[in-house]
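Heads up, the thing below is written out as structure tokens.
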Amino acid sequence: MDILSKTNPAYAPPVTKLAEKYGFNIISTLTDQPVLEYIDGRLSFYTPSVPAETMCVDFLKGRTGYRLSTTANTSQPLLKAINYKTGQRLRILDATAGLGADSMLMAVSNCEVTMCERNPVMAALLEDGLDRARDSDQPISAIIDHNISFIHANAINVLKERSQEFDAVYFDPMFPERKKSAKVKKEMRLAALAVGDDEDSADVLKQAIAFAPRIIVKRPLKAEPILAGFARQLKGRSVRFDIYQR
Ligand SMILES: C[S@@+](CC[C@H](N)C(=O)[O-])C[C@H]1O[C@@H](n2cnc3c(N)ncnc32)[C@H](O)[C@@H]1O
């Protein structure tokens, strides 16, 4: 993946750091390929043909910030699915952290969340969003400090080595988008571009079932389960949670 280093010298050190950490290729002029760039202080991913549509992680405002400020309550289907009870401190492995929205919802509910993301672009965006929120003077800063840790890894390895550390594993792999319409959210299109399809989902889930006591799989409402054998399903308006239990 390319990362654009422009003239603002303030961004040179973080660009170099990211390039070293994730193997990105530093460029100084845009090509026609998707690219990472610091825009208004936020690491952003976009395609040069549609520069107005960017993907970044912002826990301070926008959709995620709004969701955080309004919906950290136990009626959330996700919190029901992980079997969250007020006052409990569940230890969750989010095996597919992505842009971190689901992780953050669990973290604001005082779960101890280990975010795991293997894709370098998504990992870099997520780390940038976490760092900016941690450095802010907002309450989210303390939540990140106390409740979130992040690892750039394939969840299969984490499951093999650390499963006993978690009460539950949350698994939300990419789902091939069938409707190629304008309705498909910009973020989902850009995430699909960065990640592709998670074609090994069944293998990861098998590993999770072998090692973890409880696994919650998020699926589009009408999609086939990744594997048979779930203990129960919890259905929302557009998504469903398949719950596997050892
Ligand atoms: C649909 S997104 C997750 C969205 C996330 N729940 C959120 O709230 O933003 C799926 C993500 O899981 C990651 N992923 C898929 N399989 C993985 C694995 N085995 N280990 C680590 N990350 C994985 C993909 O790279 C992608 O970023």
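General observations
- Here ASP94 passes the criteria (1) within 25 Å of LYS17 (Cβ to Cβ); (2) within 13 Å of the ligand (Cβ to nearest atom); (3) at pLDDT below 95 except the one numbered (3).
- Being among the basic types (Lys, Arg) and modelled with pLDDT of 90 or more holds for only one residue in LYS61, LYS80, LYS85, and it is LYS80.
- Residue list for the range 154-185, restricted to those being more than 12 Å from the ligand (Cβ to nearest atom), surrounded by fewer than 18 Cβ atoms within 10 Å (Cβ to Cβ) and either modelled with pLDDT of 80 or more or closer than 23 Å to MET106 by Cα (or both): GLU161, ARG162, SER163, GLN164, GLU165, ASP167
- Residue in the range 107-114 that is surrounded by 22 or more Cβ atoms within 10 Å (Cβ to Cβ) and touching a residue at least 60 places away in the same chain (Cβ under 8 Å) present: no
- Pairs are defined by a Cβ separation below 6 Å, a sequence spacing of at least 6 or placement on different chains, a first member in the range 213-241 that is in the same structural domain as ASN83 (by TED's automatic domain parsing) and touching a residue at least 60 places away in the same chain (Cβ under 8 Å), and a second member that is among the acidic types (Asp, Glu) and surrounded by 19 or more Cβ atoms within 10 Å (Cβ to Cβ); the pairs so defined are LYS218/ASP172.
- Leading residue by the ranking (surrounded by the fewest Cβ atoms within 10 Å (Cβ to Cβ)) among those in the range 132-153 that are among the hydrophobic types (A, V, I, L, M, F, W, C) and not in a helix (DSSP H, G or I): ALA153
- For first residues located in the range 74-91 and in a helix (DSSP H, G or I), partners that are among the polar types (S, T, N, Q) and lie 6+ apart or on another chain with Cβ distances below 9 Å form the pairs LEU79/ASN73; LEU79/SER109; LYS80/THR74.
- Any hit, the range 113-121, residues being part of a helix (DSSP H, G or I), of a type in the set (Lys, Arg) and within 14 Å of the ligand (Cβ to nearest atom): no
- The residue that is nearest to PHE175 (Cα to Cα), counting only those in the range 199-246 that are acidic (Asp, Glu) and surrounded by fewer than 19 Cβ atoms within 10 Å (Cβ to Cβ), is GLU199.
- Residue in the range 133-151 that is in contact with a Gly (Cβ under 9 Å, 6 or more places away or on another chain) and near the ligand (Cβ under 9 Å from one of its atoms) present: no
The values are calculated or read from the model by the stated rules, or taken from the named source; none is laboratory data. Computed from a prediction, not measured in an experiment: that's the story for all the values here. Cβ atoms come from the backbone with ideal geometry, glycine included; neighbour counts cover every protein chain shown.
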